[in-house]
1. Name the one entry in D109, D86, D41 that is part of a helix (DSSP H, G or I), of a type in the set (D, E, K, R) and free of Cβ contacts under 8 Å to residues at least 40 places away in the same chain.
2. Please enumerate the residues belonging to the stretch 75-110 that are touching a strand residue (DSSP E or B) at 6+ places or on another chain (Cβ under 7 Å) and basic (K, R).
3. Residue under question is D74, and the condition is that it be touching a helix residue (DSSP H, G or I) at 6+ places or on another chain (Cβ under 7 Å), charged (D, E, K, R) and under 22 Å from L14 (Cα atoms); does it hold?
4. Looking at the stretch 89-99, is at least one residue in contact (Cβ under 8 Å) with a residue 12 or more places away in the chain, within 11 Å of L20 (Cβ to Cβ) and assigned to a strand (DSSP E or B)?
5. Quick one: in the stretch 51-74, which of the residues that are modelled with pLDDT of 95 or more and out of contact with any strand residue (DSSP E or B) (no Cβ under 9 Å at 6 or more places or on another chain) is surrounded by the fewest Cβ atoms within 10 Å (Cβ to Cβ)?
Amino acid sequence: MHAESSPSVMKLPLPHADFLRAFGSALLFSRSYPIGHPALDRAVSQLVAKMEPLFREQEAAGFAVGPAQLFVGDVATDPRHRIFRDLASKLFRRNIGAVRIRRGIPREDLAALIVALAGEPGEVLP
């Protein structure tokens with residue numbers, strides 16, 4: 001049986017879970033739609049909205065990346081959660097160990113970051 005402080009049994013706070021889901025969703029949309037497309041714009045808007053609660057208490061929102069899990073502080077996502085697992089795997093394959101987004105990031109820069117992160121390793125981005 002796991003101890004209550006084990007990352008595998010601690011629950012990710014809802015604002016962080018919402019942020020990670022929106023981040024993963026924006027990555028999915030960016031693979032199908034170019035910057036400026038209304039569907040990608042909506043996904044980026046949702047990501048911005050999900051970051052706002054995190055920025056009320058801190059200057060930046062971020063997470064660490066493992067092969068099948070994401071980590072916010074000492075809390076790990078469930079490796080069986082498809083959205084979180086896929087996001088972790090995609091970023092891990094690109095050799096990204098952490099993502100940190102600071103309060104005040106211009107929306108255009110956030111969209112460009114999402115598009116860049118969504119590409120496949122070795123892919124030449126415009």
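The values are calculated or read from the model by the stated rules, or taken from the named source; none is laboratory data. This structure is a prediction, so every number in the text was calculated from the model and none was measured. Backbone-built Cβ (ideal geometry, glycine too); neighbour counts: all protein chains shown.
1. D109
2. Of everything in the stretch 75-110, those that are touching a strand residue (DSSP E or B) at 6+ places or on another chain (Cβ under 7 Å) and basic (K, R) turn out to be R100, R102, R103.
3. No: the conditions fail for D74.
4. Yes: one or more hits.
5. Here the residue is P67.
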